[in-house]
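Each reported figure results from applying straightforward, stated rules to the coordinates on display, with no laboratory input. This structure is a prediction, so every number in the text was calculated from the model and none was measured. Here the Cβ is made from the backbone with ideal geometry for all residues, glycine too, and neighbour counts use every protein chain on show.
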Amino acid sequence: MSRGTLSSVRFKTLPNSVRLDLETFRSKKTEDWNVDDLIGFMIYVAGKYRVPFEELNVHKFSGCAGKFMALMSEENFKERDPKYGTLLFREFRNLCSDALPRSADDQREAPCQSSSPESTGTSKTVRLSPKEDERRSSRSATRRSATRTENDGSEGKRGHHKSGNKLWEFIRDTLKNPETCPSIVRWENREEGIFRIVESEKMAQLWGLKKNNSRMTYEKLSRAMRYYYNSKIILPVSGRRLVYKFGPHAVDWKPA
DNA sequence: CGGGCGTTTCCTGGTT
DNA sequence: GAACCAGGAAACGCCC
């Protein structure tokens, strides 16, 4: 009923005189959302709850469209918008009811073949934030201002190592998290610290999520992992693809 | 400002 | 041919 303010408007005209369709997000799978769909969604939420659109930290989500966003937890939303993160998270999850795991063994990803998470800048996709897209030369001001939130207890399930932001720590944490453990990474031999990355690209997206970098790929993540060989924090396992093990210099991964 | 660490990005080449 | 694995190089962001 009465959808006041913004939601009654179908299009929004941006400063640069670009017209943005605010309704397309409704007809697409959330995984296929581009930046415009994301904005349309946020405008919708703002209207629904009578919140001034300007109060939503839209810019903090600009690089999260597509599958990237589908991997975000409530905490991830709150990191980007402390005030309305939870609300946005709930509304978002409502829209992807037909997918998304609420726990471990997730599902088979359906037949979507979007080649690239966001910026599948096919045709008429308008850009709201030019920055996030011109990558290369100006990876400039990727505002990473809301990244010091690792003490919100979100990870503190059991044990409370200061869990830094290092890659190997991130991997260790995903092995402890039932949201990711059997499905995206799993133990091959818990006692010896041998684990296997099951969903390589998802693992990479998750890592990118943590580092606020939507361009992360398994190729790049694995390169970073190879740098650990020397320091013996992580080591490769014979000829087993996607299988690694924690080395003598990795801590806090052992059973108990 | 400078240096170092921990990646990130790119790339060539080899393997499964 | 796709998806991985190995590393070298160079560029970056951040911290001290």
Tail fraction, Cα-Cα pairs, segment A:24-98, threshold 17 Å, whole percent: 34
Listing A:37, A:81, A:21 from the residue with the fewest other Cβ atoms within 10 Å to the one with the most, what is the order? A:21, A:81, A:37
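Which net charge results when you count Lys and Arg as +1 and Asp and Glu as -1 among the other residues whose beta-carbon is under 10 Å from that of residue A:243? The partial results should precede the final answer.
Numbers: positive: A:196, A:240, A:241, A:245; negative: A:188.
That sum, taken over residues with Cβ under 10 Å, equals +3.
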Would you calculate the separation in nanometres between label points at residue A:196 and residue A:179, each defined as 7 Å from the Cα along the Cα-to-beta-carbon direction? 2.5
Counting only residues 5 or more apart in sequence or on a different chain, those whose built amide H sits under 5 Å from that of residue A:33 are A:66
Report ³J(HN,Hα) in whole Hz for each residue of segment A:58-72, in order, from the Karplus equation J = 6.51 cos²θ - 1.76 cosθ + 1.60 where θ = phi - 60°; Gly and Pro get x. 3, 4, 6, 9, 3, x, 10, 5, x, 4, 4, 5, 5, 8, 6
Using alpha carbon coordinates only, what is the Rg to Rh ratio of segment A:167-246, with Rh defined as the Kirkwood radius? 0.93
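Full extension from residue A:48 to residue A:256: what is 0.36 nm times the residue separation minus their Cα-Cα distance, to one decimal in nm? Write down the numbers at each step before the final one.
Details: separation 208, 0.36 × 208 = 74.88 nm, distance 4.74 nm.
So the extension gain works out to 70.1 nm.
Too long at a 18 Å Cα-Cα cut-off: which of A:28/A:78; A:29/A:78; A:83/A:166; A:211/A:245; A:60/A:211? Walk me through the numbers on the way to the answer.
Values: A:28/A:78 24 Å; A:29/A:78 22 Å; A:83/A:166 27 Å; A:211/A:245 23 Å; A:60/A:211 13 Å.
Violating the 18 Å limit, Cα to Cα: A:28/A:78; A:29/A:78; A:83/A:166; A:211/A:245.
Taking neighbour Cβ counts within 10 Å as the exposure measure, how do A:181, A:96 sort from fewest upward? Let's see the in-between values first.
Values: A:181 17, A:96 14.
With the sparsest Cβ surroundings first, the list reads A:96, A:181.
Quick one: A:88, A:209, fewest Cβ neighbours within 10 Å first, how do they rank?
A:209, A:88
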For segment A:28-40, just list the computed ³J(HN,Hα) in residue order, Karplus coefficients 6.51, -1.76 and 1.60, θ = phi - 60°, integers in Hz, with x standing in for Gly and Pro. 10, 6, 4, 5, 9, 4, 10, 4, 5, 5, 4, 5, x
